[in-house]
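Since the structure comes first, as structure tokens, the remarks are kept for the end.
The values are calculated or read from the model by the stated rules, or taken from the named source; none is laboratory data. Note that the structure is a prediction, hence the values are computed from the model and not measured. Here the Cβ positions follow ideal geometry from the backbone for every residue, glycine too, while neighbour counts run over all protein chains shown.
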């Protein structure tokens, strides 16, 4: 029973850290790119999804070998980089 609680805690910490880093990185990169082009928000979303695709593939392939590395890859910063930008696009 204790092992189940520890697994949930590790997954939650990794997910929260990746979310905070990814949202911050996505907002910062979109604000910098917005000075160059008005289409910065969709560009950052697309780049984040394309950059995150190899990590998702590796997570699926390596899931039977190491669970912690799988969580890190699934919670990668690239997959979280577009969350706040999508909200900005929808609300504007």
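Brief remarks follow.
- Any hit, the range 56-78, residues being at pLDDT 80 or above and either over 14 Å from residue 25 (Cβ atoms) or under 15 Å from the mean Cα position of the chain (by Cα) (or both): yes
- In the range 14-41, the residues that are at negative phi and surrounded by fewer than 17 Cβ atoms within 10 Å (Cβ to Cβ) reach residues that are assigned to a loop (DSSP other than H, G, I, E, B) and at pLDDT 80 or above with C-beta atoms within less than 9 angstrom, at least six apart or across chains, in these pairs: 33/39.
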